[in-house]
Amino acid sequence: MDIPQKVEKWIRQEHLIQQGDQVIAAVSGGADSVCLLLCLHALTERLSFRLSAVHVHHGIRGEEADGDAAFCEALCRRMRVPFRLFREDVPTQAEREKRSLEEAGREIRYRDLREEAARLYEEAPDRRVRIAVAHHQDDQAETVLMNLCRGTGIRGLGGMPPEQGDVIRPLLSLRRAEIEAWLAEQKQPWRQDATNLADEQTRNRIRHHLIPWLTEQVNPRSVEHIQALAAQARELDRYLEQEAERWLAACGEGMSCQEEDPAGAGESAESRKIFLPASELAALPEALAGRILLRSMGQAAGSSRNLTARHVAAARALLGGPVGRRISLPGGASVRRGYRDLIFETSGEDEGAPTVPLSPPSAEFVTFPRTDGEKIPEKRYTKWFDCDKISRDVFFRHRRPGDTIKLKGVGKKTVKSYMIDAKIPAEERDSLWLLADGKQILWIVGYRMSAACQVTPETRTILQVSVPEGT
């Protein structure tokens with residue numbers, strides 16, 4: 001089987017291109033991208049799609065980069081493939097954003113490719129636009145090994161998928177050596193980027209030393225087996241995602257997306273605050289619980305990009321930890337252990353409120369069925385509540401604007417008004433601990449408890465909360 005046929009088989013197997021698609025080939029001038037362009041060009045009629053090409057000049061390698069751009073333009077002109085050149089100043093952007101040249105260059109390349117995709121879509125909105133990149137099996141092996149050595153989970157072991165949004169990888173069934181051998185047979189030259197020959201970058205060291213050693217000393221099919229492992233890891237990753245989504249959907253009311261109105265105006269706003277039942281999470285298989293935690297942390301933080309296995313492990317540890325323990329997440333979000341739930345919060349929910357220390361009072365929470373004739377303890381630092389009247393997960397915090405407490409014979413009253421009436425010194429008010437059920441306060445520790453959840457003859461389950469004296 002020749003190379004274009006092998007690529008066609010892979011494209012059909014992975015459903016990468018449909019009839020009528022517009023495909024943009026990202027062409028650098030290297031052997032891989034030249035092979036990509038030639039194969040796609042050979043398949044345009046058989047697969048019924050339109051082909052164009054984009055080259056990004058990074059402004060890094062001077063005359064050598066100018067030669068790459070000229071080579072790509074000439075090759076496309078000879079093949080009659082529409083061509084677009086982008087000229088960028090990657091070093092300046094990398095310096096401005098304090099990023100590596102490689103990272104900045106990658107972001108700029110995809111930005112330019114998507115700009116061209118948007119332009120083509122505007123011209124023909126009935127055509128789906130695909131961006132084809134030239135990653136092959138050796139690139140896949142390098143990615144998986146690099147992720148593995150740096151520390152990764154199942155998702156990192158999956159490497160690069162054949163299809164990722166609008167990006168497709170038609171060459172993932174090919175080895176680098178067979179690409180170069182085929183180009184030599186076709187008498188098709190390509191450009192060599194000198195930076196790919198140096199061992200300064202981790203990927204290059206894996207490429208030049210580790211993969212050849214694995215191929216020669218361990219198994220000639222090492223790269224192929226790594227590719228197969230990546231495919232299995234992606235299947236497992238998809239399964240975990242589906243199961244996590246199913247579990248979260250089944251939570252129903254266990255998840256909350258309603259933010260308390262910080263101004264106390266009674267209005268609701270969209271929030272990424274999430275409540276998940278801790279006991280149910282703890283009972284799940286570790287892999288599934290980890291994926292649910294990762295998804296929920298990513299939702300609270302706005303992105304899962306900077307979340308690592310350490311964040312997942314720390315969040316899992318909260319399941320067996322004491323009430324009130326909290327961990328911080330990237331982007332200012334956090335996860336804390338509530339009485340019943342694990343609570344994921346965004347950074348902006350408590351703006352303007354006093355900062356809550358990470359270690360609230362070491363409280364003891366106990367639930368037990370009520371029995372007739374049971375006497376409610378009259379203790380300052382131990383209180384009983386009707387568990388069934390608590391609408392959300394309770395936790396300790398300091399006061400916030402709009403907090404209210406229901407008092408027997410008085411009705412609902414703001415915590416601020418109560419503290420004034422109780423003649424609590426102003427300098428002490430912000431340091432008092434409150435047991436909260438949303439914006440409703442159940443207990444101002446050391447002072448009053450709410451009448452909203454008082455134990456009555458109809459109470460079936462009692463929640464007893466005790467804190468150290470003097471809290």
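The values are calculated or read from the model by the stated rules, or taken from the named source; none is laboratory data. Quick caveat, the model's predicted, so the values are computed rather than measured. A quick note on method: Cβ atoms are made from the backbone with ideal geometry, for glycine too, and the neighbour counts reach across all protein chains shown. The area values use the complete protein model at the heavy-atom level, side chains included, leaving out ligands, DNA and RNA. Shrake-Rupley method; radii C 1.70, N 1.55, O 1.52, S 1.80 Å.
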Rolling a 1.4 Å sphere over the protein heavy atoms, what is the accessible area per residue of the chain, to the nearest Å²?
52 Å²
Highest-first arrangement of 15-27, 127-139, 371-383, where packing means the average Cβ count within 10 Å:
127-139, 15-27, 371-383
With only helices counted (DSSP H, runs n ≥ 4, each -39500 (n - 2.57)), the per-residue ellipticity at 222 nm for the chain, to the nearest 500, works out to -12000 deg cm²/dmol
Non-local residues with an amide H under 5 Å from the amide H of Gly30, with H modelled 1.01 Å from N and Pro and chain starts lacking one, are Arg191
Probe 1.4 Å, all chains present, heavy atoms only: Thr461 accessible area in Å², nearest 10, is 40 Å²
Pull out the extension gain between Tyr239 and Ser48, defined as 0.36 nm times the separation in residues minus the alpha carbon to alpha carbon distance; nm, one decimal.
65.5 nm
Take the alpha carbon atoms of segment 129-175, find their radius of gyration, then divide it by 2.2 N^0.38 Å using N residues; give the quotient.
1.18
Cross-link partners among aspartates and glutamates for Lys406, C-alpha distance below 15 Å, same-chain residues fewer than 8 apart left out?
Asp386, Asp421, Asp437
Any chance you could check the Cα centroid distance between segment 428-453 and segment 294-338 for me, in angstrom?
26 Å
In whole Å, what three semi-axes, largest first, describe the equivalent ellipsoid of the chain built from its Cα gyration tensor (square root of 5 times each eigenvalue)?
60, 23, 20
Using each residue's phi in segment 52-58, evaluate 6.51 cos²θ - 1.76 cosθ + 1.60 at θ = phi - 60° and report the 3J(HN,Hα) Karplus result to the nearest Hz, with x for Gly and Pro.
9, 9, 9, 10, 10, 8, 7
Assuming 0.36 nm per residue, please report the length gained on full extension of the stretch Ala231 to Glu97 beyond their Cα-Cα distance.
44.8 nm
What FRET efficiency would be calculated for the residue pair Lys423, Glu469, taking the C-beta separation as r and a Förster radius of 25 Å, to the nearest 0.05?
0.70
Estimated FRET transfer efficiency (Glu180, Cys251; beta-carbon r; R0 45 Å; 0.05):
0.30
In what sequence, highest mean first, do 232-244, 311-323 appear when ranked by Cβ atoms within 10 angstrom?
311-323, 232-244
Rounded to 5, the percent of DSSP beta bridges in the chain classed as antiparallel:
70 percent
Across Lys379/Lys416; Lys389/Lys412; Lys273/Lys412, pairs whose alpha-carbon gap is larger than 19 Å
Lys379/Lys416; Lys273/Lys412
P(r), alpha carbons of segment 375-471 - 10 Å bins starting at zero, rounded %:
15, 52, 30, 3
Area of Ser334 that stays accessible when all protein chains are in place (1.4 Å probe, Å², to 10):
10 Å²
Residues of segment 117-150 with amide N under 18 Å of the 7 Å Cα→Cβ point at Val218:
137-150
In what order, largest first, do Glu364, Glu163 sit by accessible area if the probe radius is 1.4 Å?
Glu364, Glu163
